[in-house]
Amino acid sequence: MRDPAGWSLLHLAMLVDHDRLLPLLDAAGLPVDVQDRTGRTPLYLAIMGGARREFIQALLDRGADPSIETVHGADSYTATWRGSGWVRDMLPKQGRG
């Protein structure tokens, strides 16, 4: 199920109680790197949207890939330059990190 922009429930999880929602989405088999219409993953949106550290870490713990690019060539590493320094420190050092 997606909204008109292509957001899945995982994209919206940063806006609600992710501690309760993420296990349900895992059980339903929703891929952690699901992309919206412009290629944004839940990790990318979480970083761009200033999500809580715990949510970003939960996505990384589930295997979120920070190197997936949007249709504009941006990835989660690129997104960290608009966010806090602690986000850059959380991402794996491979890729552009």
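Grab the Cα-Cα distance for D89 and D33, subtract it from 0.36 nm times how many residues apart they are, and report the gain in nm with one decimal.
18.2 nm
Just add up the charged neighbours of R62: K/R +1, D/E -1, any other residue whose Cβ is under 12 Å from the Cβ of R62.
Overall, the nearby charge balance is -4.
Quick one: net charge of A27's neighbours, Cβ under 15 Å, K/R +1, D/E -1?
0
What value, in deg cm²/dmol to 500, does the helix sum -39500 (n - 2.57) over DSSP H runs of n ≥ 4 give at 222 nm once divided by the residues of the chain?
Value at 222 nm, helices only, nearest 500: -10000 deg cm²/dmol.
Need one number for the chain: average projected area of the convex hull over its C-alpha atoms, nm².
5.7
Got the relative contact order for region 9-90 handy, in percent, Cα pairs under 8 Å and 6 or more residues apart?
The value is 27 percent.
Quote to one decimal, in nm, the extra length available between L24 and H72 on full extension: 0.36 nm per residue of separation minus the C-alpha distance between them.
Full extension from L24 to H72 adds 14.2 nm.
For the chain, which span is the longest to avoid every loop-located (per DSSP) member of trypsin sites (Lys or Arg not before Pro) having at most 15 other Cβ atoms inside 10 Å?
After excluding every exposed loop site, the longest remaining stretch is 53-92.
How large is ³J(HN,Hα), in whole Hz, for each residue of region 56-66 in order, when computed from phi with the Karplus curve 6.51 cos²θ - 1.76 cosθ + 1.60 and θ = phi - 60°, using x for Gly and Pro?
Working through the residues one at a time gives 4, 5, 4, 5, 5, 4, 8, x, 4, 9, x Hz.
Enumerate the residues in region 51-69 having an amide nitrogen under 16 Å from the point lying 7 Å beyond the Cα of L15 toward its Cβ.
Residues 51-52 fall inside that zone.
Readers should treat all values here as calculations from the given coordinates under stated rules, not as data from a laboratory. Small disclaimer: the values here were computed from a predicted structure and weren't measured. Every residue, glycine among them, receives a Cβ derived from its backbone with ideal geometry; neighbour counts consider all protein chains shown.
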